[in-house]
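Here is the structure we will look at.
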Amino acid sequence: MSKPLMAETHTHKPNGGPAVAGAVVLGVETSCDDTAAALVRRRPDGSAEILSNAVWTDHDDHAAFGGVVPEIAARSHVERLDHVIARALDEAGMAVADIDAVAATAGPGLIGGVMVGLTAGKAIAMAGAVPLIPVNHLEGHALTVRMTDRAQFPFLLLLISGGHTQLLWVRGLGDYRRLGATIDDAAGEAFDKTAKLLGLGQPGGPRVESAATGGRADRYDLPEPLKTRAGCDFSFSGLKTAVREIAERMADETGRMAGQDVADLAASFQHAAARHLAQRTGNAMDAASVEDGAGRLVVAGGVAANCAIKSMLSSLCECKGWRLIAPPAKYCTDNAAMIAWAGAERLAAGMAPDFDDALAFAPRARWPLAPPPEGRAIGGGRKGPKA
């Protein structure tokens, strides 16, 4: 019997049954607050055909709380997932009987939401007697550029999202080496908290970017985290604290800032965050070899949709003679097409787990895509390493 996908092993061998090319895979994504389903075909030549990509987003459910509430998100997935899957099938002009496999996010993420999506995936796979592939959400982000741009292995990946900020060498399917990660807040988390401090609402990333368009990025002198420290780790807590202190100092008697002050502080924060991401990524590029994937930088995850960050990374790549590859914005944020694609890649490589192993796979709140560099435990705790 083959081994299921295991978080503890970062290099996987094709051992999950015969390879399947040209398969249509139903993807299910419920790791945070977006409920998503999609159908993707991986053609025999390795290219992708995205047949549908349905996403149900309703930030109003969480607006009063200033961020995502796990219990509300899980309940919303229960109420909406059947409808979203039906919509994805309808957009593709297909029925459940037409799919060749099901791929569902099995972690990391908010555990209630992950349970909903993975359970639905198991039920559909059982009903249709098709393979089930539990997918690591981070692998979905990592492989998106192979779906949208047919990017070849290996490449350097900057993964920046609401819960994750990492640099990894992506050397092959299931073969990842972590170079660094955030030692405190993730980039997206810092954007969300800044948006809350400035009264911009949620989702924080797009709100901060919108406010920053009318602001001066050089007005506030924000810190440069880890500037003198070697390596590829990140830190955003200091930036968040600096924003809070300025916001409190600039607020009037009602606790609010003037519109231009908000725009300037949003622009200053965004510039500082982009500068930090570029500086740490530059360290990884400087240490790269041809075998590692030197020459190709891939940026993925929800924060990768930020135009200021992409612009600074583009300048970095131009300076170093690298190529920047970024998926379209709609495939940077959480979506099910990337989950379906990750499943299709594993299915084509014969790396899908046996059916019994897949059904027994338990949802995971934490599921590192690759272990931290030897001798360092990044983001550890009583529950083990964070993703």
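Structure summary
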| read-out | value |
| --- | --- |
| Added length on full extension, which subtracts the Cα-Cα distance from 0.36 nm per residue, residue 330 to residue 126 | 70.4 nm |
| The chain - share of DSSP beta bridges that are antiparallel (%, nearest 5) | 60 percent |
| Extended-chain gain in nm, criterion 0.36 nm per residue less alpha-carbon gap, residue 210 and residue 184 | 6.8 nm |
| Rounded Å value of the spacing that divides the Cα centres of region 143-209 and region 100-118 | 19 Å |
| Of 356, 185, 334, the one that fluctuates the most in a GNM where the chain has Cα springs shorter than 10 Å | 356 |
| Fully extended contour minus Cα-Cα distance, from residue 227 to residue 250, at 0.36 nm per residue | 5.6 nm |
| Total formal charge among the other residues, if their Cβ is under 14 angstrom from that of residue 262, Lys/Arg +1 and Asp/Glu -1 | +2 |
| Rounded tilt (10° steps) of 237-250 against the dominant C-alpha axis of the chain | 40 degrees |
| Relative contact order, percent, the chain [alpha-carbon distance under 8 Å, six or more residues apart] | 26 percent |
| On Cα atoms only, tilt of 137-148 relative to the major axis of the chain in degrees | 80 degrees |
| Aspartates and glutamates whose Cα lies under 13 Å from that of residue 330, excluding same-chain neighbours fewer than 8 positions away | 34 |
| Lys, Arg +1 and Asp, Glu -1 on Cβ, resulting dipole of the chain about Cα centre, debye, nearest 20 | 860 debye |
| Which listed pairs, of 196/320; 227/310; 240/310; 122/310, have C-alpha distances above 26 Å, in listed order | 196/320; 122/310 |
| The chain: angle of helix 187-197 to the longest principal axis, Cα-based, in degrees nearest 10 | 50 degrees |
| Highest average packing first - 211-219, 325-333, 36-44, Cβ atoms within 10 Å | 36-44, 325-333, 211-219 |
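Coordinate-derived values only; no laboratory data. Quantities reported herein were computed from a predicted structural model and do not represent experimental measurements. With ideal geometry, Cβ positions are generated from the backbone for all residues, glycine too; neighbour counts draw on all protein chains shown.
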